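K.L.:
Below is one structure. I have some questions about it.
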Amino acid sequence: MQTVSTVLDSISDVGRDASRGGYSRGVFTSAELSLRDWFVAEATARGLAVETDRNGIVWAWWDATDSRDGALVTGSHLDSVPGGGAFDGPLGVASALAAVDLLRERGVQPNRSLAVTVFPEEEGSRFGVSCLGSRLLTGSLDPDHVRSLTDTDGTTFADAARSAGIDVAHLGRDEEAARRIGDFVELHVEQGRGLIDLDSAVAIGSTMLGHGRWRLSVTGQGNHAGTTLMADRADPMVAAAQVVLAVRRIAAEQDGARATVGRLQPVPGGTNVIASRVDLWLDVRHEEDAVTAQLIERIHGQAQKICAFEGCRATLTEESRSSTVHFDGALQRTLHNALGRSFPGAPTLPTGAGHDAGILGSIAPTAMLFVRNPTGISHSPEEFVERDDADAGATALADVLEDLL
Ligand code: HGY
Ligand code: MN
Ligand code: MN
């Protein structure tokens with residue numbers, strides 16, 4: 001049986017980003033398409049029946065019974081943030097493949113079918129909407145809106161998906177796929193310090209922090225950097241800079257809040273040009289959805305004030321929103337019992353990150369397993385998992401799947 005690390009080693013050069021460091025594996029880019037091919041090959045080599053559905057979700061089936069309805073489903077994603085780590089997403093997919101190997105080694109005879117899945121655009125890094133695949137499956141997105149989403153090059157989701165062989169005419173709620181998910185369990189690298197502090201290789205997810213993404217467009221007057229006196233400027237970059245500081249101040253004043261501006265795009269973006277517009281993206285999170293709403297309202301109000309003073313205008317557009325998720329209690333108890341054999345006393349852990357398991361919770365019981373990341377850093381090249389912990393994660397996942405099959 002291959003260890004998880006060996007499985008991951010085989011993709012360690014796919015999508016390396018020489019300028020940012022780490023990996024840039026945008027959905028349906030050549031890097032992510034190579035990873036999809038890798039997954040199909042690994043799954044096929046394990047005798048799993050592989051198919052890609054209307055929303056671009058890849059399913060690798062262990063057809064243990066004559067029906068796929070109510071199956072046990074596990075998996076994660078292969079797309080990454082720009083300059084991301086090697087484990088966010090792929091660890092869950094590789095661990096699911098390794099868990100299938102372990103179940104076979106143990107001679108497990110499933111009482112229901114099992115599927116290993118790969119969800120597209122979990123990060124929302126290319127088209128802006130996180131967990132795009134699972135949101136399409138559950139019907140929480142308008143397919144026309146999704147088809148028209150564009151990346152920074154102006155490529156639409158429809159064109160990118162078509163290039164990956166997906167017939168975009170049928171995007172959207174997938175009743176058959178929803179019926180097939182009896183329970184969903186996702187293994188994921190821990191993206192904070194939780195498991196370092198708890199001194200445990202694995203943990204069970206308890207809650208997933210609610211979060212949203214907004215685009216703030218600050219419009220001013222584009223002009224010449226040399227001929228425009230300072231007093232004559234309506235510079236959206238100056239307004240945007242103040243908004244970024246206001247975001248930090250407003251979030252710091254609210255217990256438990258997290259607010260980030262990780263992306264800022266001046267238009268046209270010339271060194272000797274006063275920008276005409278600056279787009280910046282807000283990522284705001286809090287365990288109470290009402291507080292997230294209040295935070296974004298305060299940020300928007302402050303942005304309006306700053307822009308009025310700077311002679312600019314601000315427009316806020318919501319791009320995606322997810323409520324805080326409390327994972328299924330009964331499924332969590334099953335995970336606790338299953339882990340009792342190899343990981344007695346495995347802790348539960350809230351996650352500040354979003355995951356497809358959070359979206360799928362609207363149509364089936366879902367649960368998560370987290371594997372220790374000794375750096376406590378994620379969405380960055382420093383993200384890491386020790387080989388032994390990766391294998392411990394696969395063992396934990398196999399224990400859970402065995403009890404649920
Ligand atoms: O942004 C998130 O929380 C996740 O990593 N997509
Ligand atoms: Mn992830
Ligand atoms: Mn991520």
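The values are calculated or read from the model by the stated rules, or taken from the named source; none is laboratory data. A quick note: this is a predicted structure, and the numbers were derived from the prediction, not measured. Don't worry about glycine lacking a Cβ; one is built from the backbone with ideal geometry, like all the others, and counts go over all protein chains shown.
K.L.:
Pick out the one residue from Leu72, Leu97 that is away from ligand 3 (no atom under 16 Å from the Cβ), in contact with a helix residue (DSSP H, G or I) (Cβ under 7 Å, 6 or more places away or on another chain) and farther than 19 Å from Ala390 by Cα.
P.N.:
Matching residue, one of Leu72, Leu97: Leu72.
K.L.:
Now a separate question. For segment 100-140, give me each residue that is surrounded by fewer than 24 Cβ atoms within 10 Å (Cβ to Cβ), in contact (Cβ under 8 Å) with a residue 40 or more places away in the chain, over 26 Å from Ala398 (Cα atoms) and away from ligand 3 (no atom under 16 Å from the Cβ).
P.N.:
Passing the criteria: Thr138, Ser140.
K.L.:
Now, a different point. When you check Trp38 against the structure, is it under 21 Å from Leu404 (Cβ atoms) and at pLDDT 95 or above, yes or no?
P.N.:
Spelling it out, it is not the case that Trp38 is under 21 Å from Leu404 (Cβ atoms) and at pLDDT 95 or above.
K.L.:
Out of Val27, Val73, I need the residue that is within 16 Å of ligand 2 (Cβ to nearest atom), among the β-branched types (Val, Ile, Thr) and closer than 30 Å to Ile377 by Cα. Which one?
P.N.:
On the way: Val73 fails: within 16 Å of ligand 2 (Cβ to nearest atom).
Matching residue, one of Val27, Val73: Val27.
K.L.:
Based on this model, can you work out whether Ile250 counts as of a type in the set (A, V, I, L, M), in contact with a Phe, Trp or Tyr (Cβ under 7 Å, 6 or more places away or on another chain) and not in a strand (DSSP E or B)?
P.N.:
no
K.L.:
Give segment 354-377 a look and list any residue that's within 16 Å of ligand 1 (Cβ to nearest atom), hydrophobic (A, V, I, L, M, F, W, C) and surrounded by fewer than 23 Cβ atoms within 10 Å (Cβ to Cβ), or say none.
P.N.:
The one that is within 16 Å of ligand 1 (Cβ to nearest atom), hydrophobic (A, V, I, L, M, F, W, C) and surrounded by fewer than 23 Cβ atoms within 10 Å (Cβ to Cβ): Ile377.
K.L.:
Right, something else. So Ala96 passes all but one of these: (1) over 16 Å from Asp356 (Cα atoms); (2) crowded, with 22+ Cβ neighbours inside 10 Å; (3) hydrophobic (A, V, I, L, M, F, W, C); (4) over 16 Å from the mean Cα position of the chain (by Cα). Which condition number does it fail?
P.N.:
Single failed check for Ala96: (1).
K.L.:
Would you call Leu195 under 13 Å from Asn55 (Cβ atoms) and either in contact with a Cys (Cβ under 9 Å, 6 or more places away or on another chain) or not in a strand (DSSP E or B) (or both)?
P.N.:
It is false that Leu195 is under 13 Å from Asn55 (Cβ atoms) and either in contact with a Cys (Cβ under 9 Å, 6 or more places away or on another chain) or not in a strand (DSSP E or B) (or both).
K.L.:
So for segment 94-101 (the condition being within 13 Å of ligand 1 (Cβ to nearest atom) and either in contact with a Cys (Cβ under 6 Å, 6 or more places away or on another chain) or assigned by TED's automatic domain parsing to the domain that holds Asp389 (or both)), does at least one residue qualify?
P.N.:
No.
K.L.:
Another question, then. For segment 261-275, give me each residue that is surrounded by fewer than 17 Cβ atoms within 10 Å (Cβ to Cβ) and farther than 11 Å from Ala240 by Cβ.
P.N.:
Scanning segment 261-275 gives Gly262, Arg263, Val267, Pro268, Gly269, Gly270, Thr271, Asn272, Val273.
K.L.:
A further question follows. Does segment 279-292 include one or more residues that are of a type in the set (Asp, Glu) and surrounded by 21 or more Cβ atoms within 10 Å (Cβ to Cβ)?
P.N.:
no
K.L.:
For segment 141-165, give me the residue count where each residue is over 17 Å from Ala31 (Cα atoms) and buried (at least 16 other Cβ atoms within 10 Å of the Cβ).
P.N.:
So the count comes out to 7.
K.L.:
Quick one: count up the residues across segment 75-86 that are within 11 Å of ligand 3 (Cβ to nearest atom) and assigned to a strand (DSSP E or B).
P.N.:
So the count comes out to 3.
K.L.:
Just to be sure I understand, how many residues within segment 138-162 are closer than 27 Å to Phe87 by Cβ and touching a Phe, Trp or Tyr at 6+ places or on another chain (Cβ under 8 Å)?
P.N.:
5
K.L.:
Within the set of pairs 6 or more residues apart or between chains, which connect a residue that is charged (D, E, K, R) inside segment 63-87 to a residue that is within 11 Å of ligand 1 (Cβ to nearest atom) with Cβ atoms less than 8 Å apart?
P.N.:
Hits for this filter: Asp79/Gly89; Asp79/Glu121; Asp79/Glu122; Asp79/Glu123; Asp79/Ser125.
K.L.:
Can you say whether Asp389 is within 15 Å of ligand 1 (Cβ to nearest atom) and surrounded by 18 or more Cβ atoms within 10 Å (Cβ to Cβ), as far as the supplied structure shows? Spell out the reasoning first.
P.N.:
Working: within 15 Å of ligand 1 (Cβ to nearest atom): no; surrounded by 18 or more Cβ atoms within 10 Å (Cβ to Cβ): yes.
No; evaluated as a whole, the condition is false for this residue.
K.L.:
With respect to the numbered conditions (1) within 26 Å of His326 (Cβ to Cβ); (2) in a strand (DSSP E or B); (3) over 19 Å from the mean Cα position of the chain (by Cα), which one is the sole condition not fulfilled by Gln265?
P.N.:
The one condition Gln265 does not meet is (1).
K.L.:
Considering only segment 74-89, state which residues are crowded, with 24+ Cβ neighbours inside 10 Å and either within 11 Å of ligand 1 (Cβ to nearest atom) or under 23 Å from Gly182 (Cβ atoms) (or both).
P.N.:
Hits for segment 74-89 are Thr74, Gly75, Ser76, His77, Asp79, Ser80, Gly84, Gly85, Asp88, Gly89.
K.L.:
Separate question: Quickly run through segment 333-353 and pick out the residues that are of a type in the set (A, V, I, L, M, F, W, C) and either within 16 Å of ligand 1 (Cβ to nearest atom) or within 24 Å of Gly256 (Cβ to Cβ) (or both).
P.N.:
Within segment 333-353, Leu349, Ala353 meet the criteria.
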